[in-house]
Amino acid sequence: MKLKALIFTIITAGLCACAVQKQTNFFEISVPEEGGISFVKYTNENDDVLGPVVLRQTDQIRWYAPSLISVSPSGEQLAFLARKNNTDNIFLKNTKGGGSTIQRTFRNNVSDMSYSPSGERIVFTDEMDGNTNVYMINATQGSAIQQITSTPSNELGPAFSPNGNEIFFTKAEVSYSNNIPITRYYVWSYSTESSLLTQYTEGFTPSVAPDGENLIVTRNSKDIQARGEIWMINLKTGQSTLILADKDKGFSSPQVSPDGETIVLVGESPKTINRRKNLDIYTIKTDGTKFTQITFHPGDDVSPVWSPDGNFLYFISQRGNEKGEWNVWKMNVR
């Protein structure tokens, strides 16, 4: 896909069912460090679930950070990305089991999505002619699509505000220094009432707290490694607060819990004798305390989203099959 040409410092745009290292044991559903957690598999290999591009370097991992799955506010529908007939689209599945998997979009290069607070709409990113924009579609019926953004820049990773009046998204702005492109990422919003576009802050992967007052984003650190950090921005005052940073690990994909107290995110885990350096799921309180690693599987665990009641996390993982293929899983966190 042409979308792969869009490179984030910490996230590489583009999706694929990429080949994985053969020496990694993906078959186990869980590992001893995950004791007490119940894992439930929601898709299978026939669903052709898409995971993110994950690029491994000597001392750093780079990955596509926007949300690749979403759960309806009722908790009854799960939206995920799958590749069918060489196209990438949104598919819906009943979380309670039964019923068929439904294809909801019929585009070419859909790369992320999010439900509206009412559950009536889904916003998503699609690439066309080398440019990514944000679109919106009815969640259950009809084929009409509303284009939210339309600029030469790349916009992606949309997420609704809690009241549904705004859609926050990431905009990549490119400048040149000595003919070398430099990309910066900013969070913008689109008003569903007035169609007004507003720039808010530097960062990407926006997630709005349930009270609508604070925005959680990823920002790249200013050091040479440019590792992802988690920041909170007050939408009224503009005050920025650093929630999480580590000189040895990069983080991204923050999602605020329904009670507004906890952030779930994706982060790097260091290489050990028995495990390659990989991506795992972590949680941290919004005040920066109680930083906790949740998953420890040698496969990559990414794109976590909360269930509406806050008791479970849905995520994409390579666990539970011999080839390390992506599937959607659910785990208890309470």
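The values are calculated or read from the model by the stated rules, or taken from the named source; none is laboratory data. None of the values given here were measured: they were computed from a predicted structure. Positions of Cβ are backbone-derived with ideal geometry, glycine not excepted, and every protein chain shown enters the neighbour counts.
For region 282-297, name all the residues that are in a strand (DSSP E or B) and either under 21 Å from Gln57 (Cβ atoms) or of a type outside the set (A, V, I, L, M) (or both). Listed by number, the residues that qualify are Tyr282, Thr283, Lys285, Thr292, Gln293.
Is it true that Gly203 is touching a residue at least 60 places away in the same chain (Cβ under 8 Å), of a type outside the set (Ser, Thr, Tyr) and under 25 Å from Arg56 (Cα atoms)?
Details: touching a residue at least 60 places away in the same chain (Cβ under 8 Å): no; of a type outside the set (Ser, Thr, Tyr): yes; under 25 Å from Arg56 (Cα atoms): yes.
For Gly203, the condition - touching a residue at least 60 places away in the same chain (Cβ under 8 Å), of a type outside the set (Ser, Thr, Tyr) and under 25 Å from Arg56 (Cα atoms) - is not met.
Report whether or not Lys330 is out of contact with any Gly (no Cβ under 8 Å at 6 or more places or on another chain), among the charged types (D, E, K, R), at pLDDT 95 or above and not in a loop (DSSP other than H, G, I, E, B). Considered against the rule, which asks whether it is out of contact with any Gly (no Cβ under 8 Å at 6 or more places or on another chain), among the charged types (D, E, K, R), at pLDDT 95 or above and not in a loop (DSSP other than H, G, I, E, B), Lys330 comes out as yes. Pairs meeting the criteria (first residue in region 75-87 and under 16 Å from Asn327 (Cβ atoms), second residue of a type in the set (Lys, Arg) and assigned to a strand (DSSP E or B), beta carbons under 6 Å, at least 6 apart or on different chains) are Leu78/Lys93. Here Leu55 clears all of (1) modelled with pLDDT of 95 or more; (2) in contact with a Ser or Thr (Cβ under 9 Å, 6 or more places away or on another chain); (3) closer than 20 Å to Leu265 by Cα; (4) not basic (Lys, Arg) except the condition numbered (1).
What tally of residues in region 164-177 results from selecting those that are farther than 13 Å from Tyr115 by Cβ and surrounded by 11 or more Cβ atoms within 10 Å (Cβ to Cβ)? Outline the logic, then answer.
Step one: of region 164-177, the residues farther than 13 Å from Tyr115 by Cβ are 165-166, 168-177.
Now restrict to residues that are surrounded by 11 or more Cβ atoms within 10 Å (Cβ to Cβ): 165-166, 168-174.
Looking only at that region, the number is 9.
Scanning region 243-260 for residues that are over 12 Å from Gly203 (Cα atoms) and either exposed (fewer than 14 other Cβ atoms within 10 Å of the Cβ) or of a type in the set (Gly, Ala, Ser) (or both) returns Ala245, Lys247, Asp248, Gly250, Ser257, Asp259, Gly260. In region 59-172, counting only strands (runs of 3 or more DSSP E) that sit wholly within it, the ones holding 2 or more residues that are more than 20 Å from the chain's Cα centre (by Cα) span 145-147.
Please verify whether Ser189 is modelled with pLDDT of 95 or more and either surrounded by fewer than 16 Cβ atoms within 10 Å (Cβ to Cβ) or not acidic (Asp, Glu) (or both), treating the condition exactly as stated. For Ser189, the condition - modelled with pLDDT of 95 or more and either surrounded by fewer than 16 Cβ atoms within 10 Å (Cβ to Cβ) or not acidic (Asp, Glu) (or both) - is met.
Residue count for region 30-58 under the criterion of being polar (S, T, N, Q), part of a loop (DSSP other than H, G, I, E, B) and over 16 Å from Phe315 (Cα atoms): the result is 2.
Within region 298-327, the set of residues being assigned to a loop (DSSP other than H, G, I, E, B) and of a type in the set (Phe, Trp, Tyr) comprises Trp326 only.
Selection within region 288-319: residues that are out of contact with any Ser or Thr (no Cβ under 9 Å at 6 or more places or on another chain) and of a type outside the set (A, V, I, L, M, F, W, C). The member of this set that is surrounded by the most Cβ atoms within 10 Å (Cβ to Cβ) is Asn311.
Return the residues of region 221-242 that are on the phi > 0 side of the Ramachandran plot and surrounded by 14 or more Cβ atoms within 10 Å (Cβ to Cβ); say none if nothing qualifies.
Correct list: Ala226 only.
On the stretch given as region 55-67, residues that are in contact (Cβ under 8 Å) with a residue 12 or more places away in the chain and either touching an Asp or Glu at 6+ places or on another chain (Cβ under 6 Å) or surrounded by fewer than 19 Cβ atoms within 10 Å (Cβ to Cβ) (or both) total 7.
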